[in-house]
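The values are calculated or read from the model by the stated rules, or taken from the named source; none is laboratory data. This structure is a prediction, so every number in the text was calculated from the model and none was measured. Cβ placement follows ideal geometry from the backbone for every residue including glycine, while neighbour counts extend to all protein chains displayed.
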Number of protein chains: 2
Amino acid sequence: MVPLIKEILAAPPDRREVLVRGWVRTRRDMKNLVFVEIHDGSCFNGLQCACDGIPVPPGLTTGASVEIRGTLVPSPAQGQAVEIAAASITLIGEAPGEEKNGIPPYPLQKKRHTLEFLRETPHLRGRTNTIGAVTRVRGRLAFAVHRFFQDRGYHYLHTPVITGSDAEGAGAMFRVTTLDPAAPARPQGPAAKPDYREDFFGRESFLTVSGQLEAEAYAMALSRVYTFGPTFRAENSNTARHLAEFWMIEPETAFFHLADNMDLAEDFLKYCLKTILEECPGDLDFFDQRYQKGLTGGLRAAAEAAFTRLTYTEAMGELEKAAAARPGRFEFAPAWGRDLQSEHETFLTEELVRGPVIVTDYPKEIKAFYMKLNGDGKTVRAMDVLVPRLGEIIGGSEREENLAALEHRMAELGMDPDRYGWYLDLRRYGTAPHAGFGLGFERLVQYVTGMANIRDVIPYPRAAGRLY
Amino acid sequence: MVPLIKEILAAPPDRREVLVRGWVRTRRDMKNLVFVEIHDGSCFNGLQCACDGIPVPPGLTTGASVEIRGTLVPSPAQGQAVEIAAASITLIGEAPGEEKNGIPPYPLQKKRHTLEFLRETPHLRGRTNTIGAVTRVRGRLAFAVHRFFQDRGYHYLHTPVITGSDAEGAGAMFRVTTLDPAAPARPQGPAAKPDYREDFFGRESFLTVSGQLEAEAYAMALSRVYTFGPTFRAENSNTARHLAEFWMIEPETAFFHLADNMDLAEDFLKYCLKTILEECPGDLDFFDQRYQKGLTGGLRAAAEAAFTRLTYTEAMGELEKAAAARPGRFEFAPAWGRDLQSEHETFLTEELVRGPVIVTDYPKEIKAFYMKLNGDGKTVRAMDVLVPRLGEIIGGSEREENLAALEHRMAELGMDPDRYGWYLDLRRYGTAPHAGFGLGFERLVQYVTGMANIRDVIPYPRAAGRLY
């Protein structure tokens, strides 16, 4: 394979012959000399090619694809060690800056584009500095996720995307169907429900909102598992914080208690940060300069210091103290029993602690049915990891592994135990303490890149009314 | 974390103290001595624990979860170097072999179960030898896929699961909707089509059948990308070869021609095989003995020899020769212009070549619109990799990167160019030769494990009428 630009940039300027293929980022015409910067997506920086006394095709403009042969020489320019003294240039595909043969001009000229404009051009936006950098960081982060868990004996598990379970209130769901929407099988007149026995799976089916329960089944078989797959919410919230389709990572570990789970989450997050600090410095510098001043320093600090751990009760105490000290500082008054609001998370991470915080032991009423009840009968062994800028990035818990306790909690909540027979089986046969957590991958990419809008950290964002 | 059994089994029997947690695989009561085999899913083998003169709870039976403390000693038993001389045993969760407190007996007793029975018990089947081994191999294979591409400068890309494209005949699709199926928005009487402007995305939406076209967009930005995500087919085929939901790997490379693509596919497949031969020997031995005699030798041979490359025309010539030599040997007569049938693939891989075969340059009529036309005007630069036992495991091609040629082919096929405007843009602006392929991940897992039914190589198989 032809060498990548990141490989060429790391090589000594030893006048070796090189062949480069990529796209023109910029072209500068001087007297007798043309400088062309080529990028190929392998790293943030492009490679400068000096074309001295050789013909440079006029069609060689921003966005055009080219092949350049030349020799690798020391660069006189600042900030780069090497450049190419071009011997020949071949234009492969033009990207005309003006209408040509009825084709409109290339939409991504050198000038800056708004992120909103780029969202409407998802098939080209990977060519920009910003989305290119996001894509590289996202890809390396995903690999770091796999490496972290695989190195620790975790088995990667593909939990199902299509599910018959309705997720017990975890969020609005998309229906998956092959029924004819104009004439769904309808046994008793237009007002009756469609007959889902006629649907593809013979019953109602949906897109999953979480693989946790299935991951628990495999943790009770193979001890350590993790998922990394797409999950869905059909919520009609058109915000910079929500997607209808996003990727989630959910490790689940047998014989784990809450403290083990916190250690794992902290190690995991730090590993991800360290990986990107080490592997993508050029991309991080760009985000730091362009989108989030101080980004790199903040990530480095988070990767190194111990995460502060507070119980929910302690956190609420701090919030109440802060609210009393300055009335009106919070829009939502903090009070034991209420959920933490974004402004409360901001206070904890950016004022009180100035770094990541793990909040544990929440009131059972504001957490899911499967979380293990504490001895106090009021709180559950939940844990949320909060980070500066973003708030909650990880949510997890120890699971209720005791059959009677789980059945009791489900009855309190009016849940039908027959619909959870298989889940209760995990407590009937060889049950064991276990714990896990979920991390929304796009939120991790946002945290690492500083990108404010979640739609800019996934290649093809899906949200209400948007399906480019 | 407590050590995994695979770590303990690799340690010297130096009488160190160890703590093991896992599930009872077998229990053998001798006079004054009880042998308990514990497994934790970390490897195929369990760990033998000799309980000499210590109390062993009666509830400690197959499937129960336990914690054992003891010392690591040399094992007198054959086939294992170490065992544990147990000092104490704690029963954590029972799995009673008989009905107890109204709970039916543990369904997975020591006796063998049919794979069909296990498919109906997906939440417990990960605890069996077979599905445990499949899960380990599947997880390591997935990691090998990532490692292979990441080490070669490929960016991991999450292409969208929900799509507005109808995939141009690649297969029947699932609809994704939030419309009320009993009363979908219907502007002009019950016979009219529902009004998809009222649906979640403001238009019709489906589950993707491939991420290739989107991957092409990113290959034209970042040179080397790969996808690894779920894809869907709503085909009502209830066979051992098809799933409604399966995972696919699709690399796409800029500046690549067909021969480069073949080299990549061959290197990739060999890398996957070598990884599993090296990392999962215990699981492979089990599959070799129990499901597919000669499995390991066949994989090793495939990992080492060069794949034979034949054009479609050459392959068809060989098939016609074989058909003429023994009339009636094929159910489907081979003839230029027809697709290869399973029996033809079997002949090529198991008789003619006795190993993997790459068939290239198929008639354009039997391949997709985006494949690059050869100079003969009749064939396209397609490539299928066929392997013994399974047949086609990889399908790919060089893509038509020439705008006029692609538009011409789409017009021949009656395709609406407006619906592919973004895809044509990739040929309008900075176009470049590129190529890629797709590999169905479950077929790779089948190839490596020898499992005959595709439903046994994915944790929760989805097929028509089946949604456990």
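Any residue at all in segment B:188-211 that is among the hydrophobic types (A, V, I, L, M, F, W, C), in contact (Cβ under 8 Å) with a residue 60 or more places away in the chain and either surrounded by fewer than 21 Cβ atoms within 10 Å (Cβ to Cβ) or under 30 Å from residue A:238 (Cβ atoms) (or both)? Checking segment B:188-211: not a single residue is among the hydrophobic types (A, V, I, L, M, F, W, C), in contact (Cβ under 8 Å) with a residue 60 or more places away in the chain and either surrounded by fewer than 21 Cβ atoms within 10 Å (Cβ to Cβ) or under 30 Å from residue A:238 (Cβ atoms) (or both). Applying the criterion of at least 2 residues that are within 14 Å of chain B (Cβ to nearest Cβ) and either under 17 Å from the mean Cα position of the chain (by Cα) or among the acidic types (Asp, Glu) (or both) to the helices (runs of 4 or more DSSP H) found wholly in segment A:202-297 leaves A:212-222, A:258-279. Comparison of B:44, B:35 shows that the only residue that is at pLDDT 95 or above, among the aromatic types (Phe, Trp, Tyr) and assigned to a loop (DSSP other than H, G, I, E, B) is B:44.
Being β-branched (Val, Ile, Thr) and either within 20 Å of residue B:397 (Cβ to Cβ) or surrounded by fewer than 18 Cβ atoms within 10 Å (Cβ to Cβ) (or both), is that true of even one residue in segment B:235-246? Within segment B:235-246, one or more residues are β-branched (Val, Ile, Thr) and either within 20 Å of residue B:397 (Cβ to Cβ) or surrounded by fewer than 18 Cβ atoms within 10 Å (Cβ to Cβ) (or both). The numbered conditions (1) more than 13 Å from chain B (Cβ to nearest Cβ); (2) surrounded by fewer than 15 Cβ atoms within 10 Å (Cβ to Cβ) are all true for residue A:19 except (1).
Take residue B:59 and decide whether it is in contact (Cβ under 8 Å) with a residue 24 or more places away in the chain, under 29 Å from the mean Cα position of the chain (by Cα) and not assigned by TED's automatic domain parsing to the domain that holds residue B:279. For residue B:59, the condition - in contact (Cβ under 8 Å) with a residue 24 or more places away in the chain, under 29 Å from the mean Cα position of the chain (by Cα) and not assigned by TED's automatic domain parsing to the domain that holds residue B:279 - is not met.
Taking the numbered list (1) more than 21 Å from residue A:10 (Cβ to Cβ); (2) within 14 Å of another protein chain (Cβ to nearest Cβ); (3) of a type in the set (D, E, K, R) in turn, residue A:69 passes all entries but (1).
Can you confirm whether segment A:56-68 contains a residue that is at positive phi and in a loop (DSSP other than H, G, I, E, B)? Within segment A:56-68, one or more residues are at positive phi and in a loop (DSSP other than H, G, I, E, B). All of B:321, B:378 fail the test of being touching a strand residue (DSSP E or B) at 6+ places or on another chain (Cβ under 8 Å) and either at pLDDT 95 or above or not assigned by TED's automatic domain parsing to the domain that holds residue B:425 (or both), apart from B:378. Does residue A:452 meet the test of being assigned to a loop (DSSP other than H, G, I, E, B) and away from every other protein chain (no Cβ under 14 Å)? Yes; evaluated as a whole, the condition is true for this residue. For residue B:6, the criteria (1) under 16 Å from residue A:224 (Cα atoms); (2) in contact with a Cys (Cβ under 8 Å, 6 or more places away or on another chain); (3) buried (at least 21 other Cβ atoms within 10 Å of the Cβ) hold in every case but one, which is (3).
When residue A:116 is tested against (1) touching a Ser or Thr at 6+ places or on another chain (Cβ under 6 Å); (2) of a type outside the set (Ser, Thr, Tyr); (3) farther than 24 Å from residue B:431 by Cα, exactly one condition is not met: (1).
Would you point out the residue of segment B:78-95, among those that are in a loop (DSSP other than H, G, I, E, B) and of a type outside the set (A, V, I, L, M), that is nearest to the other protein chains (Cβ to nearest Cβ)? My answer is B:94. In segment A:168-182, the qualifying residues are those that are surrounded by fewer than 19 Cβ atoms within 10 Å (Cβ to Cβ) and more than 8 Å from chain B (Cβ to nearest Cβ), and the one that is modelled with the lowest pLDDT is A:168.
Per-residue answers, yes or no, for (1) among the hydroxyl-bearing types (Ser, Thr, Tyr); (2) in a strand (DSSP E or B):
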{"position": "B:73", "(1), (2)": "no, yes"}
{"position": "B:76", "(1), (2)": "no, no"}
{"position": "B:97", "(1), (2)": "no, no"}
{"position": "B:106", "(1), (2)": "yes, no"}
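Among the residues of segment B:108-126, which ones are in a loop (DSSP other than H, G, I, E, B) and either in contact with a Phe, Trp or Tyr (Cβ under 6 Å, 6 or more places away or on another chain) or within 10 Å of another protein chain (Cβ to nearest Cβ) (or both)? B:108, B:121, B:122, B:123, B:124, listed by residue number. Within segment B:127-155, the set of residues being closer than 21 Å to residue B:263 by Cβ and within 7 Å of chain A (Cβ to nearest Cβ) comprises B:146, B:150, B:153, B:155. Considering segment A:268-318, the residues that are within 26 Å of residue A:154 (Cα to Cα) and among the acidic types (Asp, Glu) include one that is surrounded by the most Cβ atoms within 10 Å (Cβ to Cβ), namely A:279. With respect to the stated conditions, residue B:126 fails to be of a type in the set (Gly, Ala, Ser), touching a His at 6+ places or on another chain (Cβ under 7 Å) and surrounded by 21 or more Cβ atoms within 10 Å (Cβ to Cβ).
Restricting the first member to segment A:1-15 and to residues that are at the interface with chain B (Cβ under 8 Å from one of its Cβ atoms), and the second to residues that are in a loop (DSSP other than H, G, I, E, B) and not acidic (Asp, Glu), the beta-carbon pairs closer than 7 Å and six or more apart or on different chains are A:2/B:255; A:4/A:42; A:4/B:153; A:6/A:42; A:6/A:43.
Yes/no per residue for (1) within 17 Å of residue A:219 (Cα to Cα); (2) in the same structural domain as residue A:238 (by TED's automatic domain parsing); (3) at pLDDT 95 or above:
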| site | (1), (2), (3) |
| --- | --- |
| A:412 | no, yes, yes |
| A:423 | yes, yes, yes |
| A:427 | yes, yes, yes |
| A:432 | yes, yes, yes |
| A:435 | yes, yes, yes |
| A:447 | no, yes, yes |
| A:451 | no, yes, yes |
| A:466 | no, no, no |
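Residue-by-condition table, conditions (1) in the same structural domain as residue A:73 (by TED's automatic domain parsing); (2) over 22 Å from residue B:432 (Cα atoms); (3) part of a loop (DSSP other than H, G, I, E, B):
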position	(1), (2), (3)
A:11	yes, yes, yes
A:18	yes, no, no
A:29	yes, yes, no
A:48	yes, no, no
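For residue B:35, the conditions (1) touching a strand residue (DSSP E or B) at 6+ places or on another chain (Cβ under 9 Å); (2) within 11 Å of chain A (Cβ to nearest Cβ); (3) not hydroxyl-bearing (Ser, Thr, Tyr) are fulfilled apart from (2).
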